[in-house]
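Enquirer: Mind looking over this structure? Questions follow.
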Amino acid sequence: MSTDYSTMTASSSTLDVTIWFFVIILFIVILFLLYYFLNKSIKKGPKNKEVALIKKYYIDRNLYIGLLRVFNEYYLVLISSNSSEVLRKVDEDEVFEIIGESPKFINTFTKFLKRDKTDEESKKEK
């Protein structure tokens, strides 16, 4: 049983190669999209409003100092690949100096209102 290659046309083999080329390109694009979305979701991690690492300052590849917010308190933490250690507690004013940003007006205003409310409640209790 010999195959007669003379009956096979050049256009059909070109068509097969073109289809496979587009299938492979489509497969690669799907893999890149999957990688992009998985990588993006893994970097974010679970969202937690009470605990957040505000800023990182790398000292070495596996060693950095982080500014950590736990509820409404801030801490400077030394973090390595094997351990972590709290260096000191940081005031809110120092946090804005470290980050290099000024406090937003709305945050300052809401804190003022909360403070004002607690002052009024303490006067009523007396």
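Enquirer: If I filter the stretch 29-36 for residues that are under 30 Å from GLY100 (Cβ atoms) and modelled with pLDDT of 85 or more, do I get at least one hit?
Expert: No; the residues of the stretch 29-36 include none that is under 30 Å from GLY100 (Cβ atoms) and modelled with pLDDT of 85 or more.
Enquirer: Taking interchain pairs and intrachain pairs at least six residues apart, which have beta carbon atoms under 8 angstrom, with the first residue in the stretch 63-74 and closer than 13 Å to ASP93 by Cα and the second part of a loop (DSSP other than H, G, I, E, B)?
Expert: What qualifies is TYR74/ASP91.
The values are calculated or read from the model by the stated rules, or taken from the named source; none is laboratory data. Small disclaimer: the values here were computed from a predicted structure and weren't measured. Please note: Cβ atoms are built from the backbone with ideal geometry, for glycine as well, and neighbour counts cover all protein chains shown.
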